[in-house]
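What follows is a single structure, written as structure tokens, with notes after it.
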Amino acid sequence: MKIIDVVCGVLIQDEKCLIARRSTGDSIGKYEFPGGKVEAGETREEALVREFREELQIDLDQLYYLDHSVDIQNEKEIRLTCFVCSSKEKPVKSTAHSNLIWTTPEHIYDYDFFEADRGLVQTLQKEWLWLKKQMKPKF
């Protein structure tokens, strides 16, 4: 079975987190935390910083490991590592998503999320108060 390492980031700003709606591929219309595949020679953190630059045109300031999940899709094992992150910049568009939404963990299930992401969302909900304090802008 082929193993694919993927990273995603929960960007927190103004006491809300960013979710994004897929605009291409088999998962069109589903919501997720932005991110992408880890390339050869990259750490997971480096991959997330690169993906946010490429897809959202912003730089990340802080990264904290949140959780991980494993999903089997089409004979592939997807290993997803999730980080919580912050930025001094606010994304206005995405090259990989049709819609960017700022929401709170209480309302995140109002959106159609991947089943594999539900455990990450539950961890986010449990840690939300602590994370909001940690991710306050430091500028």
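Some observations on this one:
- Label-to-label distance for I72 and T104 is 3.9 nm, based on points extended 7 Å past Cα in the beta-carbon direction.
- When only the Cβ of Lys, Arg, Asp and Glu is charged (+1, +1, -1, -1), the dipole of segment 2-134 relative to its Cα centre reaches about 200 debye.
- Springs join every pair of Cα atoms under 10 Å in this Gaussian network model of the chain, and among V121, V70, V38 the largest mean-square fluctuation is at V70.
- Distance from segment 1-18 to segment 43-103 (C-alpha centre basis), Å: 4
- Residue with peak Gaussian network fluctuation, the chain [Cα springs, cutoff 10 Å], from I108, I72, I12: I72
- Rounded is the label for the chain, because the ratio a/c of its alpha-carbon gyration tensor axes (a ≥ b ≥ c) stays below 1.5.
- Cross-link table K37/K126; K16/K93; K37/K90; K30/K88; K2/K93; K2/K90, entries beyond 24 Å C-alpha to C-alpha: K37/K126; K30/K88; K2/K93; K2/K90
- Structure-based [θ]222 nm, the chain - -39500 (n - 2.57) summed over DSSP H runs of at least 4, per residue, nearest 500: -7000 deg cm²/dmol
- Global geometry of segment 1-53, whether rounded, prolate or oblate, following the gyration tensor of its Cα atoms and the 1.5 cut on a/c: oblate
Any read-out appearing in this document is the output of simple, stated calculations on the displayed coordinates, not a laboratory observation. Quantities reported herein were computed from a predicted structural model and do not represent experimental measurements. Heads up, the Cβs are rebuilt from the backbone with ideal geometry, glycines too, and the neighbour counts pull from every protein chain shown.
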